[in-house]
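Input: a single structure, listed below in structure tokens.
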Amino acid sequence: MIIKTIFAIIIGGFFSANPITENNKTISAETIDSKTLQPDGKQLFLLQCASCHHATRDLIGPSIYAVRSRWTNKNLLYQYIRNSNEVIKKDAYAKKLFIKWNKTVMTPFPKITNAEIELILNYVDSEAKRKGLM
Ligand code: HEC
């Protein structure tokens, strides 16, 4: 009986808390934080950017922490993330970066909002701060 109870507690604990939260995120492929019901910068980053970018080191593309200090014009940065090609044509820094990264084309994200971009960049910066890089 006691053993059965202990077993039930362990199994119950295992299936309750964490996996359910995880499922909400993965199954729906949604980017909403289940606690705050706000879009979650980490999820947005993992789903859309992490195939090419690591928060704090170079991968297919450069690390993107502290990127807001490299781009003085925020609107241009937003535009770049929505469609880098357009900005490469008119901005010297973007052009240089494109050449430096062997003309690898970054996926356009025409539907991403400025707010979502800010959440992603806040997340990467928080990772960099956690590692003492910022
Ligand atoms: C297919 C790969 C790929 C994906 C996916 C991708 N990027 Fe990029 N990104 C690159 C590459 C490569 C560069 C370097 C410049 C170039 O080659 O055009 C870059 C450059 C950047 C830069 C400029 C960095 C700097 O130093 O100024 C930012 C900002 C950026 N990406 C943000 C993002 C964000 C945010 C996402 C997700 C929403 C994303 N990228 C998704 C490949 C990618």
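The values are calculated or read from the model by the stated rules, or taken from the named source; none is laboratory data. Note that the structure is a prediction, hence the values are computed from the model and not measured. In this analysis, Cβ positions are derived from the backbone assuming ideal geometry, glycine residues included, and neighbour counts consider all displayed protein chains.
Looking at the range 31-52, which of the residues that are of a type in the set (Gly, Ala, Ser) and free of Cβ contacts under 8 Å to residues at least 12 places away in the same chain is surrounded by the fewest Cβ atoms within 10 Å (Cβ to Cβ)?
SER51
Return yes or no: is TYR65 part of a loop (DSSP other than H, G, I, E, B), near the ligand (Cβ under 10 Å from one of its atoms), out of contact with any strand residue (DSSP E or B) (no Cβ under 8 Å at 6 or more places or on another chain) and under 17 Å from ASN114 (Cα atoms)?
Answer is yes for this residue.
Consider ARG82 against the criteria (1) touching a residue at least 60 places away in the same chain (Cβ under 8 Å); (2) within 12 Å of the ligand (Cβ to nearest atom); (3) charged (D, E, K, R): it satisfies all of them except one. Which criterion is unmet?
That leaves (1) as the condition not met.
Tell me whether the range 89-108 contains one or more residues that are buried (at least 17 other Cβ atoms within 10 Å of the Cβ), modelled with pLDDT of 95 or more, over 16 Å from THR31 (Cβ atoms) and of a type in the set (Val, Ile, Thr).
no
How many of the residues in the range 35-55 are modelled with pLDDT of 95 or more, in a loop (DSSP other than H, G, I, E, B) and either in contact with a Leu (Cβ under 9 Å, 6 or more places away or on another chain) or within 6 Å of the ligand (Cβ to nearest atom) (or both)?
Final tally of qualifying residues: 5.
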